[in-house]
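To start, the structure itself, in structure tokens.
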Amino acid sequence: MPATGWGSSESVQDWRGHAEFDVSTFAAKIAVERDLVAALRMTLWIDADAAPREVKEICFRASERLKLATVLVANQRVQLPPGYAHLSAVRVDGGPDVADRYIVEHAALGDVAVTADIPLAALLVPNGVVVLDPRGEEYTAEIIGERLSVRNFMDGLRTAGVETGGYAAYGSREKQAFANALDRALTRAIRTGGHRAR
């Protein structure tokens, strides 16, 4: 039988000489198994106190689809929906900074976190955690410093009594932007192999 390259989709004889398999199908199965292993090694973290309900629901569906460990952290009791095997919740005592500290201490390189808290994002990004806000923006190393400076400036204005306004209402456009950003972030994280073994 002529030699067949690994890139071919032709059936080739197994090296043991007693089984045939389709190389393209075999390679696809290996890729799926590799991605599943990567998913099992990463965690999706949700800063749950302020996350919109729509954001949580998108994360829940992604968790179930990818069999991805997903942890909601809050300083109040979180009611988990039934039927999602990979969800868990952590309730911390104290203010919101306590929840932030818990996520910082437990999130690892290659994990994905969802938060609108820019100071929290500024602590996670340098540790190699992919951070998304509920409107679909990814806080990268290139922009997080600027975002933090602007946030601190605006916070100073509010403290001084200046009316700075707020975000527009959370609607279908923001929901879709977040869903797309989460899909991209999780796909990229899984394909790069997740993070180091815990």
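Details
- On the basis of the beta-carbon distance and an R0 of 25 Å, LYS67 and ARG184 show a calculated FRET efficiency of 0.85.
- Modelled spin labels at GLU57 and THR192, positioned 7 Å past Cα toward Cβ, are 3.1 nm from each other.
- Approximating the spin labels as points 7 Å out from Cα along Cα→Cβ, the LEU109-to-SER88 distance works out to 2.3 nm.
- Descending by average beta-carbon neighbour count within 10 Å, the peptides 78-86, 179-187, 136-144, 111-119 line up as 111-119, 179-187, 136-144, 78-86, the highest first.
- Ranked by how many other beta carbons lie within 10 Å on average, peptides 49-56, 65-72 from highest: 65-72, 49-56
- Here each label is just a point 7 Å from Cα along the line to Cβ, and for SER172 and VAL98 those points are 4.1 nm apart.
- When you count the other C-beta atoms within 10 angstrom of each residue and take the mean per peptide, 120-127, 102-109 line up highest first as 120-127, 102-109.
- Charge sum, other residues only, whose C-beta stays under 13 Å from ALA177's C-beta, Lys/Arg counted +1 and Asp/Glu -1: -2
- Each pair of Cα atoms in segment 69-136 enters the Kirkwood radius, and Stokes-Einstein at 10 °C and 1.306 mPa s then converts it into a translational diffusion coefficient of 126 µm²/s.
Each value in this text was obtained by applying a stated rule to the coordinates, not by laboratory testing. Since the model is a prediction, treat every value here as computed from it, not as a measurement. Ideal geometry is used to build each Cβ from the backbone, glycine not excepted, and the neighbour counts take in all protein chains shown.
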